[in-house]
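Trainee: Sharing a structure, written as structure tokens. Questions coming.
The values are calculated or read from the model by the stated rules, or taken from the named source; none is laboratory data. A quick note: this is a predicted structure, and the numbers were derived from the prediction, not measured. Don't worry about glycine lacking a Cβ; one is built from the backbone with ideal geometry, like all the others, and counts go over all protein chains shown. Keep in mind that these areas ignore ligands, DNA and RNA; they rest on the heavy atoms of the full protein, side chains included. Shrake-Rupley method; radii C 1.70, N 1.55, O 1.52, S 1.80 Å.
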Amino acid sequence: MRVVPAAGAGAGRGAGVGAAVEGAHDLGAPSTVVVMHGAGNGNKGRLVELMSDCAGRGFPACALDFSGHGDSSGTLGELSLERRFVQARAVVDAGVPADHRLIMVGFSMSGHTVADLAAHYGDRVRAIGLCAPAVYAAEAWSVPFAAGFTGIIRAPGSWRRSPALDAFRGVAARAVLATPVVDEVIPEAVTEAIAAALGASAARFTRLVFPRAGHKLGLWFRANAAARAEFLDAVLAGSPRDPDGEPGVGADHLVH
């Protein structure tokens, strides 16, 4: 699924297909937002409003249903973290213009996929947005979900061996971590490890906390336009502390 800006949309905020806004991008090139749903019954349909808001700000956006989700083919049991990465990469390589930089937004399990993509695309990544993200042990990456994945990730502390944390420590783009106060799915230690990795990186890092939200931030954003706007303000326009896009130290911590 792809949503593109109408002519003149988002003047001063971005430039993309159908929106010619001279010099609007802070790094001198147009960008596309790639949005990825979480696990379980997640699907791209939950992300329509977020994508439409991106387009309204002048940024084309695209999303996919991973295998076993939404309108996709395949089965969920055959899916793995590795296949998620391959599928998302295929969407980027086939559907995003080669001269566009990447703004990657991932919900829950797709937090790990964002890390994989950030490591793969390197300097092409302009920003990442992580929504109640998860990370997983290295040995779980290639294991199908129906063939031992759950047993690996349930081992206490297995996530501490996640290469996603190393990828986040290597991020030099804008980074936004959005979470509820209490996440009923992701352990607090995982969230704090991700925050620490981004805080130790060269990323321009903003942390957003939404007290009335739960783990399913995709559904929360869908129903709460103001929260959605706060998140996109941080991901697309930068944090209040670093409006000029200069690398920061530590993080803005904003509670809504």
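Trainee: When the residues of region 30-81 are narrowed to those that are over 20 Å from Cys131 (Cα atoms) and of a type in the set (Asp, Glu), which ends up farthest from the chain's Cα centre (by Cα)?
Mentor: Restricting to residues being over 20 Å from Cys131 (Cα atoms) and of a type in the set (Asp, Glu), the top hit is Glu78.
Trainee: From the list Arg89, Arg101, Arg83, which one is under 23 Å from Ala229 (Cα atoms) and open to solvent by 30 Å² or more (accessible area, probe 1.4 Å)?
Mentor: Residue meeting the stated conditions: Arg101.
Trainee: Among the listed residues Gly170, Gly148, identify the single one that is within 21 Å of His120 (Cβ to Cβ) and open to solvent by 10 Å² or more (accessible area, probe 1.4 Å).
Mentor: Being within 21 Å of His120 (Cβ to Cβ) and open to solvent by 10 Å² or more (accessible area, probe 1.4 Å) holds for just one of Gly170, Gly148, which is Gly170.
Trainee: Name the pairs: first residue in region 214-225 and of a type in the set (A, V, I, L, M), second residue open to solvent by 50 Å² or more (accessible area, probe 1.4 Å), Cβ to Cβ under 8 Å, at least 6 apart or on different chains?
Mentor: Between residues of region 214-225 that are of a type in the set (A, V, I, L, M) and residues that are open to solvent by 50 Å² or more (accessible area, probe 1.4 Å), the close pairs are Ala225/Glu49.
Trainee: Under the condition of being touching a residue at least 24 places away in the same chain (Cβ under 8 Å) and open to solvent by 10 Å² or more (accessible area, probe 1.4 Å), which residue from region 113-124 is nearest to Arg228 (Cα to Cα)? Walk me through how you get there before you give the answer.
Mentor: Start the filter on region 113-124 by keeping residues that are touching a residue at least 24 places away in the same chain (Cβ under 8 Å), which leaves 113-121, 123.
Next, from what is left, pick out any that are open to solvent by 10 Å² or more (accessible area, probe 1.4 Å): 116, 118-121, 123.
Details: Asp116: 25, Ala118: 23, Ala119: 26, His120: 27, Tyr121: 26, Asp123: 26 Å.
Across region 113-124, the extreme among qualifying residues is Ala118.
Trainee: Might you check whether a residue that is touching a helix residue (DSSP H, G or I) at 6+ places or on another chain (Cβ under 6 Å) and closer than 21 Å to Gly42 by Cβ occurs anywhere in region 94-103?
Mentor: Within region 94-103, one or more residues are touching a helix residue (DSSP H, G or I) at 6+ places or on another chain (Cβ under 6 Å) and closer than 21 Å to Gly42 by Cβ.
Trainee: Test of understanding: among Ser67, Ser52, which residue is open to solvent by 10 Å² or more (accessible area, probe 1.4 Å) and part of a loop (DSSP other than H, G, I, E, B)?
Mentor: Testing whether each residue is open to solvent by 10 Å² or more (accessible area, probe 1.4 Å) and part of a loop (DSSP other than H, G, I, E, B) leaves just Ser67.
Trainee: Sticking with this structure for a sec: Select from region 229-244 the residues that are at pLDDT below 95 and open to solvent by 20 Å² or more (accessible area, probe 1.4 Å) and list them in ascending order.
Mentor: Ala237, Pro240, Arg241, Pro243, Asp244 - these are the residues of region 229-244 that are at pLDDT below 95 and open to solvent by 20 Å² or more (accessible area, probe 1.4 Å).
Trainee: Related question: Of all residues in region 177-203, count the ones that are under 26 Å from Ala237 (Cβ atoms) and touching a Phe, Trp or Tyr at 6+ places or on another chain (Cβ under 7 Å).
Mentor: 7
Trainee: Looking at this structure, is Phe221 open to solvent by less than 30 Å² (accessible area, probe 1.4 Å) and in a helix (DSSP H, G or I)?
Mentor: Yes; evaluated as a whole, the condition is true for this residue.
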